[in-house]
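Notes follow the structure.
The values are calculated or read from the model by the stated rules, or taken from the named source; none is laboratory data. Predicted model, so just to flag it, every value in this text is computed and none were measured. Every residue, glycine among them, receives a Cβ derived from its backbone with ideal geometry; neighbour counts consider all protein chains shown. Quick note on the areas: whole protein, heavy atoms, side chains included, nothing else; ligands and nucleic acids left out. Shrake-Rupley method; radii C 1.70, N 1.55, O 1.52, S 1.80 Å.
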Amino acid sequence: MLQVTPTLAIPDDELVERFVRSGGPGGQNVNKVSTAVELRFDVANSPSLPEPVRARLLARRDRRLTDDGVLVLSAQRFRTQDRNREDARERLAAVIAAATVAPKKRIATKPTKGSKERRLGAKRERASVKRQRSASRWERE
């Protein structure tokens, strides 16, 4: 059982782990032992995810998410299979936990009178600079 939040847990049967050979340091073991972990979690068809969390996860533009709605995490930071497995599970929990928090609604506000005046004053100043440039150019020719 992968505990994401106090109220949200994902059963182990929904997670698919595949162990593959890892790159990087490891001595002779690197060619013999499959220490890297590829963790797959089907976001689209998971019965344990609440609907708003599923929608937020699927709406993210994440390259780790396949077209079928499967989240694929690969972990190969450590030399042992167990540490990589734990790393992948922690990262999955972090991704799902981030999706449990609903984004704050933006409250539309009007620009203040002072900000409008500053903007228009800057435009007038810029226009006068450009006008002076063009006037001095005609005088030189």
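For residue 39, the criteria (1) hydrophobic (A, V, I, L, M, F, W, C); (2) in contact with a helix residue (DSSP H, G or I) (Cβ under 6 Å, 6 or more places away or on another chain); (3) at pLDDT below 85 hold in every case but one, which is (3).
State which residue is surrounded by the fewest Cβ atoms within 10 Å (Cβ to Cβ) when the search covers only the range 60-87 and only residues that are acidic (Asp, Glu) and more than 25 Å from residue 44 (Cβ to Cβ). Talk me through it step by step, then tell me what you get.
Going through the range 60-87, the residues acidic (Asp, Glu) turn out to be 62, 67-68, 82, 86-87.
Within this subset, residues satisfying the condition of being more than 25 Å from residue 44 (Cβ to Cβ) are 82, 86.
Working: 82: 10, 86: 14.
Only one residue fits best here, namely 82.
Has the range 77-88 got any residue that is at pLDDT below 85 and in contact with a strand residue (DSSP E or B) (Cβ under 8 Å, 6 or more places away or on another chain)? Looking for residues that are at pLDDT below 85 and in contact with a strand residue (DSSP E or B) (Cβ under 8 Å, 6 or more places away or on another chain), one finds at least one in the range 77-88, hence yes.
The set of residues in the range 65-83 being on the phi < 0 side of the Ramachandran plot and touching a residue at least 24 places away in the same chain (Cβ under 8 Å) consists of 68, 70, 71, 72, 73, 74, 75, 76, 78, 79, 80, 81. Scanning the range 88-100 for residues that are open to solvent by less than 60 Å² (accessible area, probe 1.4 Å), of a type outside the set (A, V, I, L, M, F, W, C) and either within 10 Å of residue 39 (Cβ to Cβ) or part of a loop (DSSP other than H, G, I, E, B) (or both) yields one hit, 89.
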